[in-house]
Structures are given as structure tokens and as C-alpha cells.
Amino acid sequence: MYEDFVKEIVDGYIKSSTADHGIKQLHTMHKEAVSRTDPVILELGVQTGISTKIFLNAVHRGSGGQLVSVDIEDCSHVAQSSKWTFVRSDSANVENVLNTAPVINSGVDILYIDSLHHVDHVRKELLGFFPYVKNGGVIFFDDVDSIPYMRGREKDNIHTEIGNRDILNFINEVFEDNIDKLYLTFERGSTGLIMLQKCAPLGTKLSSQPQLRARKSKIYWKYRRSIEKRLRRLGVSIS
Ligand SMILES: C[S@@+](CC[C@H](N)C(=O)[O-])C[C@H]1O[C@@H](n2cnc3c(N)ncnc32)[C@H](O)[C@@H]1O
């Protein structure tokens, strides 16, 4: 299913003579999906269905896989498959999604977060659906790099630049707070792709305890220079 569509992506990645980070990121998601037998995939954000078709291609390679896609708009026309359930809903409304697609209760292999790109919304999606991700399952996040939206870049846009950075900082904090149950990989360039792999049993929640955050570089160097100055005045040698 959607073989030609996927072939274009794979060929685009392998044969491209310049770095095309967007294509590489689609290729990464497809590779992950086809590496799993009969995966259950939950996709948040459908629009024209690029990711939907990539995941359906992977799901159709076996017999028991399922794709559940959620969007606040009616995107039910973007694909057709007996293995596809489209749920029209706010993707942060976990209860509504679970009621419409109960297959999620038995565990998700891949969760793809690509709906409303605001940190509060992403937080609700991640914390809400994380317990339903299987041990060894992965969570992909799109729109986590600000590069294309920075001043003078091809999509120069302050709103998306700052929004994407907020999401990236949030995911980094989640990783810091839950380092015992997560692996993190980050493909930079284009809109960016983060993959979190869950290393904890189905049902495990993410800890959202506030932790001490990184110490500020400017404050540290200012403090350090003033100490050094005082020690020099006292004739104490500093290594
Ligand atoms: C970036 S697009 C998704 C692109 C898609 N994953 C792809 O690769 O083709 C974002 C989608 O999120 C949807 N969306 C926006 N706010 C939402 C919300 N609160 N709940 C669910 N979907 C939402 C939009 O309608 C839009 O279709």
C-alpha cells in the first residue's frame, strides 16, 4: 500500500546529492515502523496524510497492525484502509481517543506527535499517552528544531521559532527527569525529529516532579571571575 509514495521518500533520501533533512526524517519514521511486526501506531495530527501514508505502508506489510490517526479537523478522506481508524478529536483529549479506538489500551508501538505545536498541548499529549506506549515503543516528535524559522532563514517566523524551542526545552526536561526510562535521539535540520524510546513497562507514567535545572553560564563565569580576582589580590595561585 502507498508503495510509490514511500519509494519516492526512500529514493529521495538515498539518491539526494544535498542534505534533505525533511526527507531523512520521514525515512527514519518509516524505517522504525517497518522494523516492527504488526505495530499499533497512534498518530496525532493528519492534515494531508503524509505521515498517515508512511505508517499505513508499514502496517500493511503484516496482518495484525493498526494505525489510529487523530485530528481536530475531518481528515477521514486522506486515506482508505481496513487497518486505519480516523478519530476526529482534540488530540489532548486522551479519554475521547481511547473510547473511540480501544486498541490503544493494549499498547502502542509508535506514538507520533505532530498536531498543535504549542508546548502546553504537547505536554498533555505526551503525559496523557505515555502510559499506553509499550516497553521498547517509541515516541516521535515533529517540529522541535527552530533552524528554518530563525531570522533570515527560509521560513523566517518568530512564532514558530520560539514555539519549537519551547517544545525542545520541554522534551529535554522530560528526558532529564526520566533518564532511567528513556533513550533520546535528535535529528536536527528541517523541522527536526526527536525519538524517545520507552524503557519501562506498559502503564508506567512519566515523572513530572520539578527538578533543579541547568546552572546559568553567565552567572557562573561572573562569580568565578570575581573569586579569581580576589584570590589573586591575596597572592593565592589559581590553577
Ligand atoms: C503539521 S499538521 C500534521 C501533518 C501530518 N502529520 C503529516 O505529516 O502530513 C498538524 C495537524 O494538527 C491538527 N491539529 C491542530 N490542533 C489540533 C488539536 N488540538 N487536536 C488535534 N489535531 C489538531 C491540524 O488540523 C493539522 O491537520
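The values are calculated or read from the model by the stated rules, or taken from the named source; none is laboratory data. Since this is a predicted model, take the numbers as computed values, not measurements. Reconstructed Cβ throughout: ideal geometry from the backbone, glycine too, with neighbour counts over all protein chains shown.
How many of the residues making up the range 106-119 are among the charged types (D, E, K, R) and either part of a helix (DSSP H, G or I) or near the ligand (Cβ under 9 Å from one of its atoms) (or both)? Residues flagged as among the charged types (D, E, K, R) and either part of a helix (DSSP H, G or I) or near the ligand (Cβ under 9 Å from one of its atoms) (or both) within the range 106-119 amount to 1. Checked against (1) in contact with a Gly (Cβ under 7 Å, 6 or more places away or on another chain); (2) at pLDDT 95 or above; (3) not β-branched (Val, Ile, Thr), residue 200 meets all criteria but (1). Within the range 76-103, the set of residues being more than 9 Å from the ligand (Cβ to nearest atom) and under 18 Å from the mean Cα position of the chain (by Cα) comprises 94 only.
Might you check whether a residue that is in a helix (DSSP H, G or I) and closer than 19 Å to residue 43 by Cα occurs anywhere in the range 170-191? Within the range 170-191, one or more residues are in a helix (DSSP H, G or I) and closer than 19 Å to residue 43 by Cα. In a residue-by-residue description of the range 58-69, the property of being touching a residue at least 60 places away in the same chain (Cβ under 8 Å), within 21 Å of the chain's Cα centre (by Cα), surrounded by 17 or more Cβ atoms within 10 Å (Cβ to Cβ) and within 9 Å of the ligand (Cβ to nearest atom) applies to no position. In contact (Cβ under 8 Å) with a residue 40 or more places away in the chain, buried (at least 19 other Cβ atoms within 10 Å of the Cβ), within 16 Å of the ligand (Cβ to nearest atom) and over 21 Å from residue 40 (Cβ atoms), is that true of residue 194? No: the conditions fail for residue 194. Quick one: would you say residue 179 is at pLDDT 90 or above, closer than 30 Å to residue 20 by Cα and either of a type in the set (A, V, I, L, M) or loosely packed, with under 13 Cβ neighbours inside 10 Å (or both)? It is false that residue 179 is at pLDDT 90 or above, closer than 30 Å to residue 20 by Cα and either of a type in the set (A, V, I, L, M) or loosely packed, with under 13 Cβ neighbours inside 10 Å (or both). Tell me yes or no: at least one residue of the range 120-129 is at pLDDT 95 or above and near the ligand (Cβ under 8 Å from one of its atoms). Yes, the conditions are met somewhere in the range 120-129. Taking residues in the range 4-27 that are within 22 Å of residue 194 (Cβ to Cβ), and partners anywhere that are surrounded by 11 or more Cβ atoms within 10 Å (Cβ to Cβ) and of a type in the set (Phe, Trp, Tyr), the pairs with Cβ atoms closer than 8 Å and at least 6 places apart or on different chains are 20/13; 23/13; 24/13; 26/13; 27/13. Within the range 1-105, considering only helices (runs of 4 or more DSSP H) that don't extend past its boundaries, which have at least 1 residues that are at pLDDT 95 or above and either in contact with a Phe, Trp or Tyr (Cβ under 7 Å, 6 or more places away or on another chain) or of a type in the set (D, E, K, R) (or both)? So the answer is 21-34, 50-59, 94-100.
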